[in-house]
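This report concerns only the one structure given below.
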Amino acid sequence: MAIDIDVARRLGDRSIAARFTAGPGLTALFGPSGAGKTSVLNMVAGLLRPDRGHIRIGDRTLFDGAIDLPPEARRVGYVFQDGRLFPHRRVRANLTYGHDIVPAANRWMTLDEAVQFLGIGHLLDRWPHSLSGGEAQRVAIGRALLAGPEILLMDEPLSSLDTARRSDIMVVIERIRDELKLPILYVSHDRAEIDRLATSVVEIGE
Amino acid sequence: MAIDIDVARRLGDRSIAARFTAGPGLTALFGPSGAGKTSVLNMVAGLLRPDRGHIRIGDRTLFDGAIDLPPEARRVGYVFQDGRLFPHRRVRANLTYGHDIVPAANRWMTLDEAVQFLGIGHLLDRWPHSLSGGEAQRVAIGRALLAGPEILLMDEPLSSLDTARRSDIMVVIERIRDELKLPILYVSHDRAEIDRLATSVVEIGE
Amino acid sequence: MLSPEEWEIVALSLKVGGVAVLATLPIAFAIAWVLARYRFPGRVVLDALVHLPLVLPPVVTGWLLLIAFGPFGPIGRWLESWFGVSLMFRWTGAALAAAIMALPLMVRAMRLSIEGVDRRLEGAARTLGASPWHSFWTISLPLALPGILAALVLGFARSIGEFGATITFVSNIPGETRTLPLAIYSALQVPGGEAMVTRLALLSVALSLGALILSEWLVRRTHGERQRHGD
Amino acid sequence: MLSPEEWEIVALSLKVGGVAVLATLPIAFAIAWVLARYRFPGRVVLDALVHLPLVLPPVVTGWLLLIAFGPFGPIGRWLESWFGVSLMFRWTGAALAAAIMALPLMVRAMRLSIEGVDRRLEGAARTLGASPWHSFWTISLPLALPGILAALVLGFARSIGEFGATITFVSNIPGETRTLPLAIYSALQVPGGEAMVTRLALLSVALSLGALILSEWLVRRTHGERQRHGD
Amino acid sequence: QERGPVVLAAASLQESLTEAANAWAAKGHAKPVLSFAASSALARQVMAGAPADLFLSADEEWMDAVAKAGLLRAGTRTTLLGNRLVLIAPASSQVRLTPARGFALAKALGTGRLALADPDAVPAGKYAKAALTHLGVWSSVAAKVAPAENVRAAMALVERGAAPLGIVYATDARASKAVRVVGTFPASSHPPIRYPVALLKASRIKDAAGFRAFLLSKQGRAIFARHGFSAP
Ligand SMILES: Nc1ncnc2c1ncn2[C@@H]1O[C@H](COP(=O)(O)OP(=O)(O)OP(=O)(O)O)[C@@H](O)[C@H]1O
Ligand SMILES: Nc1ncnc2c1ncn2[C@@H]1O[C@H](COP(=O)(O)OP(=O)(O)OP(=O)(O)O)[C@@H](O)[C@H]1O
Ligand SMILES: [Mg+2]
Ligand SMILES: [Mg+2]
């Protein structure tokens, strides 16, 4: 599935613009802090409305001025830069939130699988407040994957993970990329990560 | 100034324990996600009370069961893993918060200096809500430095910064370490960062 | 311990207060939501309208209710002819009066909580496939729970204490509209009725204390627990 | 537009309501803070005590005030002999009655906001050198501002509308304790007084509308702005 | 069994009317439903169409208002009771004073206030004002009046020592141990205090007329007399 994005949006006194097409696989968004990487992901997710432009994933148009699918119809899995776990639900209920909503046919991962490869089995009954930074991040990744998305948006998903966990998860991301053939938009500042995972690299910048 | 730490604390069903001494310079805390790195920093900062043990920095005892200095008397500069900017103050007021409290003699950096090397001059009149991840992190670093601490606690301070900004700030950390001779406790998962900055490495783990 | 007459009064107060608060809850929440989330012309007017029963002396509110819902009033006539329902001298009228008096307190409490809900969490829910409705029920509403519980307690206490609007609107009929405050008023009219007043006042206090403890328990069961586990 | 007599009533209502709310504000905040932040034996009792004026019919509250603050009452006697102060029949007594009736509403609103303050931010302030006091003034208090403003609006509206406790405690003396609701009540007692009632009621509404608009403007000036700039 | 008639009665009749209703019920009639509130509130309810049977007002003015609205059953309005006005003081007070032309009320008050039901609004207050005007002392005390919500509230001010003197109905003063009757106002000093009663047009209960008749009967009047009411 190919990605075709051309968006522009004013934020305060800044203009964010990005325009790129990418084949299937993992597209790394690269650029200095404040360049607009998160904003682009928000536009793809439907959380921020572009002032103009279009967003197409495969043969689905998510946005083009006339069309503007709501976030829940876009089937994006979004791992936010800042976690955003639901504070009033335990870890288990956070993980299953999207999983329980989507039709069974759209899911491509079970709770057990996610729990196992993320190593969060011992956390299932905990409240998000009590998680360490890396633990919360793993739960957030699991929550996004379990909703059975057709495209993944990952905003520095590995930033606070230790090396072992990091390479475990990179293996999973590679599998998602290669076996499930899901397009992935991936923000990272880590050269090694990008070198290993990225099919293509897009520079977002001034 | 030497650091002498020996603390233990139960959190839920886990026990966090750490015991190490370190000379001056930058001590990297290293360990898997959930090992207790943030908890140790919280205990040093006075935000989490150890169940037993002691914390000494140079010739000052911050904690030893009998003594338990409040956070504001510890003169720690803490860059939190999750930012924690004050949402009701603009960036400038966040930066000067501690700076304005401490006696002028304790300060070792001016607002202008901090703003300049962190590259946040254009953000001074913004609200924290509107900052990008990396921008917020830079403001948080500036806020901690400007309070003129005697010891720095940094919890993955560079995780969402781009490479250029990252090495700029590493230069500053090196200067703080070498010229000001401030002890620094530094949490990071990035091998390259630790190799470049750390005087000593402490393993926190099960 | 309580005389049958006192039991009747207490039961009636509970019924009136309970029905008033539960019936008002969704309406108050809807108003609070609209006031918290939307900017529209007439917003201040709606806000002011909601506060009205707080500002006007209750007797005036009761009088307005009487004019509107009395058998000769426009709404009263309409209710009578279409549904055969009359609120005059009925406990339902007392509940209506209590509900209207409780409304501003309930709206404010819920509005404060709704304004405190982190809207980015709603966005996160949407990306996980939740419709606006589903995200409302599973995210926004539970996060606003402290305000809802506060609204319940405030509203119930206010209902249990409502006097002026009730007696003006539906009079002081034993077993039908004579709630605790009206019984207290009656006792106050009798010289030497202080003992009775004290007794009934203590009953009121006990009722609302019960509601208070119940709500604290609910808070602890839901919201409180996830805080305690935090740092 | 307004007669001199009406001006007097409005001015008095503003004075009584304003003084009541401003004097209660710190006390209510202290109580809200304690209830939100501390668990201690007797907490529920304090909570219940605060809610009392809401649950009791206002007339009973006024009667209790009379018993306590009247010349024969323990507090009244003490005030008289030590300070030579009497609240009886004075606007200060009316303000006291209004303050007590407004207290529960103000405490609840502020408590909701205090419970919503992220305590980790207070910790961050402490590491930056702020004493508990300084962190309270610069972090906790500003973050609880929405609740404080809501408390001001609710309390003021309630004070402007307070009738039963006031007339029972300090009676209905023109120029001293005759606030808007008392004037409205007097008008209601007279057959054909409806025109006067309407006029005075509209005045009440105008006053509280003014307070409402003022508070909305304050919210927008402080809290609102930093939200609008966000996402 | 048929429901008893709904009786709207002035709050000051609470004890006496309850006793009368019990006596009526003891004769095997359905017990009347008694609702006590301020006459003004009750009259407004009648005028808003309330389905009540009998109205007992504490003054003529509100009964007139109901009559003007055409809601009274013709020929059923009559005066049920009378009352007297008394000057009261706290039980501990030593004051001696007899209400008469030009009596030294202002002097007796000193800096204190005179507790009254609101003289512009509430019947008892209106009678008191009329009496004091007639006795030529109103102008000297008008600025010292403490107008209360109703007679009982005025009495509470005296009971609690907030006011050194007050004017209330004889029936109220009689029943309170905390006040002392200083003197009774001459009946000629104010318009006669009358409690009118009437059947309402809306009445559907046959027993209502019977209950009204019972109140006016010898047995009924005796009950009210025991509570200190005078015959009209
Ligand atoms: N209230 C609590 N109840 C139970 N467990 C808790 C609680 N608070 C913290 N923990 C656990 O204590 C451990 C230490 O947490 P801490 O935040 O110190 O880890 P960390 O080393 O900083 O990890 P990371 O690198 O992921 O940030 C974690 O496993 C966390 O889940
Ligand atoms: N409401 C706003 N007003 C003004 N500027 C804004 C607003 N919202 C966002 N911005 C700016 O838009 C720019 C893009 O933000 P964005 O979060 O997309 O950056 P980013 O590329 O993800 O950066 P980072 O790597 O630091 O997370 C930033 O400079 C940010 O300060
Ligand atoms: Mg970003
Ligand atoms: Mg950590």
Original post:
Quick one: Kirkwood hydrodynamic radius for region B:63-173, alpha-carbon pairs, angstrom, one decimal?
Top reply: 14.4 Å
Subject >> Label point distance in nm, C:ALA68-E:ALA175, each placed 7 Å from Cα along Cα→Cβ >> reply: 3.6 nm
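How long are the semi-axes of the equivalent ellipsoid of region A:3-203, taking √(5λ) for every eigenvalue λ of the Cα gyration tensor, in whole Å from largest down?
Semi-axes (√(5λ), whole Å): 26, 19, 17.
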Original post:
Along the three principal axes, how long is region E:1-139 when you take its alpha carbons, biggest first, rounded to the nearest angstrom?
Top reply: 60, 34, 23
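Would you mind getting me the FRET efficiency between E:ARG101 and E:THR79? Use the beta-carbon distance for r and R0 = 45 Å, nearest 0.05.
Working: r = 28 Å, r/R0 = 0.62.
After rounding, the FRET efficiency stands at 0.95.
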Original post:
Based on the Cβ-Cβ distance of D:PHE136 and B:ASP68, what FRET efficiency does E = 1/(1 + (r/R0)^6) give at R0 = 22 Å, to the nearest 0.05?
Top reply: 0.60
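Eigenvalues of the Cα gyration tensor times 5, then square-rooted: what semi-axes does that give for region C:36-127, in whole angstrom, largest first? Before the final figure, lay out each step's value.
On the way: eigenvalues 236, 52, 33 Å².
That gives 34, 16, 13 Å for the three semi-axes.
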Original post:
If you average over every viewing direction, what projected area does the convex hull of the Cα atoms of chain E give, in nm²?
Top reply: 12.4 nm²
**OP:** Any aspartates and glutamates with Cα under 15 Å of the E:LYS27 Cα? List them, leaving off those in the same chain fewer than 8 positions away.
**Re:** E:GLU2, E:GLU19, E:ASP207
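Mind checking region B:105-145 for trypsin sites (Lys or Arg not before Pro) that DSSP puts in a loop (not H, G, I, E or B) and that have at most 11 other Cβ atoms within 10 Å?
Working: sites: B:ARG107, B:ARG126, B:ARG138, B:ARG143; in loops: B:ARG107, B:ARG126.
Hits after loop and neighbour filter: nothing returned.
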Subject >> For region B:3-203, share of DSSP beta bridges that run antiparallel, in % to the nearest 5 >> reply: 55 percent
Original post:
Any idea how far the Cα center of region B:100-159 sits from the one of region B:170-195, in Å?
Top reply: 16 Å
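What trypsin sites (Lys or Arg not before Pro) in region E:127-196 are in a loop by DSSP, with at most 13 other Cβ atoms within 10 Å of the Cβ?
Numbers: sites: E:LYS129, E:LYS144, E:ARG152, E:ARG160, E:ARG174, E:LYS177, E:ARG180, E:ARG194; in loops: E:ARG160, E:LYS177.
The qualifying sites are E:LYS177.
What percent does the relative contact order of region A:121-206 come to when contacts are Cα pairs within less than 8 Å and at least six residues apart? Let's see the in-between values first.
On the way: 43 pairs, mean separation 26.1, N = 86.
After rounding, I find 30 percent.
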**OP:** Please work out the C-alpha center-to-center distance from region E:147-169 to region D:145-214 and express it in whole Å.
**Re:** 23 Å
Subject >> Scattering profile of the protein assembly as shown at q = 0.05 Å⁻¹ [log10 I(q)/I(0), Debye over alpha-carbon scatterers] >> reply: -0.44
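Given E:LYS177/E:LYS218; E:LYS107/E:LYS129; E:LYS31/E:LYS177; E:LYS107/E:LYS177, which pairs have Cα atoms separated by over 23 Å?
Values: E:LYS177/E:LYS218 29 Å; E:LYS107/E:LYS129 18 Å; E:LYS31/E:LYS177 31 Å; E:LYS107/E:LYS177 25 Å.
Going by Cα-Cα distance, E:LYS177/E:LYS218; E:LYS31/E:LYS177; E:LYS107/E:LYS177 fall outside the 23 Å limit.
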Original post:
Give or take rounding to whole Å, what are the principal axis extents of the alpha carbon atoms in region E:146-214, in descending order?
Top reply: 48, 27, 22
**OP:** Determine the calculated [θ] at 222 nm for chain B from helices alone, applying -39500 (n - 2.57) to every DSSP H run no shorter than 4 residues and normalising by the residue count; nearest 500 deg cm²/dmol.
**Re:** -9000 deg cm²/dmol
**OP:** Could you work out, for region D:100-231, what percent of all Cα-Cα pairs fall into each 10 Å distance bin, beginning at 0 Å and stopping at the bin that holds the largest distance?
**Re:** 12, 28, 27, 17, 11, 4, 1
Subject >> chain E, relative contact order in percent, only Cα pairs under 8 angstrom and at least six apart counted >> reply: 30 percent
**OP:** For region E:45-89, list log₁₀ I(q)/I(0) at each q in 0.13, 0.26 Å⁻¹, using the Debye formula over Cα point scatterers of equal strength and ignoring solvent, two decimals each.
**Re:** -0.37, -1.04
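Taking the Cβ of each residue in A:ASP168, B:ASP82 as the centre, tally the other Cβ atoms inside 10 Å and list the residues starting with the fewest. Intermediate results must be reported in sequence, preceding the final value.
Numbers: A:ASP168 15, B:ASP82 18.
In increasing order of surrounding Cβ atoms, one gets A:ASP168, B:ASP82.
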Original post:
Put the label 7 Å from Cα along Cα→Cβ for C:ARG220; what are its distances to the other copies, in nanometres, shortest first?
Top reply: 4.3
Original post:
Quick one: in region A:43-91, what % of C-alpha pairs are over 17 Å apart?
Top reply: 42 percent
Original post:
Any idea what the C:PHE72 label distances to the other copies are, label 7 Å down the Cα→Cβ vector, nm, shortest first?
Top reply: 4.3
Original post:
Which chain B residue puts its Cβ closest to the axis that rotates B onto A, and at what distance in whole Å?
Top reply: B:SER159, 2
Original post:
Under the definition of Cα pairs under 8 Å and six or more residues apart, what whole-number percent is the relative contact order of region B:3-203?
Top reply: 30 percent
Subject >> Residue-averaged [θ]222 nm for chain E, counting only DSSP H segments that reach four residues, each worth -39500 (n - 2.57) >> reply: -10500 deg cm²/dmol
Original post:
Per residue of chain C, what 222 nm ellipticity follows from adding -39500 (n - 2.57) for every DSSP H run with n ≥ 4, rounded to the nearest 500?
Top reply: -24000 deg cm²/dmol
**OP:** Can you put D:TRP82, A:TRP127, D:TRP137, D:TRP33 in order of Cβ neighbours within 10 angstrom, beginning with the fewest?
**Re:** D:TRP82, D:TRP137, D:TRP33, A:TRP127
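Just want the ordering: B:LEU182, D:LEU65, from fewest to most Cβ atoms lying within 10 Å of their own Cβ. Before the final figure, lay out each step's value.
Values: B:LEU182 20, D:LEU65 25.
Least to most surrounded, the residues fall as B:LEU182, D:LEU65.
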**OP:** Express in whole angstrom the spacing between the alpha-carbon centres of region A:1-80 and region D:58-97.
**Re:** 68 Å
Original post:
Per residue and in Å³, how big is the convex hull formed by the alpha-carbon atoms of chain C?
Top reply: 166 Å³
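Taken together, the values in this text are just the output of simple stated rules run on the coordinates, not laboratory data. What you see is a predicted model; the values in this text were computed from it and never measured. Using ideal geometry, Cβ is built from the backbone for each residue, glycine included, and neighbour counts are taken over all protein chains shown.
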